[in-house]
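Input: a single structure, listed below in structure tokens.
The values are calculated or read from the model by the stated rules, or taken from the named source; none is laboratory data. As the structure is a prediction and not an experimental result, all values here were calculated from the model. Here Cβ is always computed from backbone atoms with ideal geometry, including for glycine, and neighbour counts include all displayed protein chains. We work out accessible area using only protein heavy atoms, side chains counted, and drop any ligands, DNA or RNA first. Shrake-Rupley method; radii C 1.70, N 1.55, O 1.52, S 1.80 Å.
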Amino acid sequence: MKLSIAETARYLGKTDRQVRYAIQAGKLPATRVGGRWFVAKADLPVSPAMTEAQRTKRRRGTQIAAAPDGDRRDSGEGGRAYSVRMLAAYAHGAPIYRELATCLGDDHPAVRELREALQALSGGYHAFDGTVKADFYRTARVRASHAVMSLLLDDPEAHADAVDRLEQTVLPRIGGLIRRAERRGRGKASS
């Protein structure tokens, strides 16, 4: 039985990127068919030392696989669910946006800035070029940062939870997206 990169990653409890690296390094035999890599299930290493986290990831093919281009998840049906909804930054930021829009209204500066941040995330996620991706993600980070400051200037005590969630979950994840996009942009420039 031949497995795709995503299926192999799920089976091994690894990310797509880790599987591709193992193939490139010659540590995992694979064949290329029509531009796609496939791994024979019989060639997969069977490790009794597989961690509980890897077994859980293998069982749940729909969980975040932390792929290099932005926390994509596999759809669990053999295909990839390519959607901005799969970004951890979006998954954490969108509920905060909805909560703030409900309690503060769409015209509040923090709500507008957070909306712009989420829209910039989408632009970066769907951009192909690494440099363009990084620019979108930088814009998203600046906008999310502006949202934080708007909340602090408005009422720091009333918005402390939203500020903490933005600073501790959304902004670091956007920072990770920027770093990955910058590496991707440098890689294209040197080729």
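The simple spin-label model puts a point 7 Å past each Cα toward its Cβ; for R36 and D164 those points are separated by 4.5 nm.
Measuring with a 1.4 angstrom probe and ignoring ligands and nucleic acids, R173 comes out at about 90 Å² accessible. The solvent-accessible area of L153, taken with every protein chain present and a 1.4 Å probe, is close to 140 Å².
Of the chymotrypsin sites (Phe, Trp or Tyr not before Pro) found in the stretch 111-191, those in coil by DSSP whose Cβ has at most 15 other Cβ atoms within 10 Å are F128.
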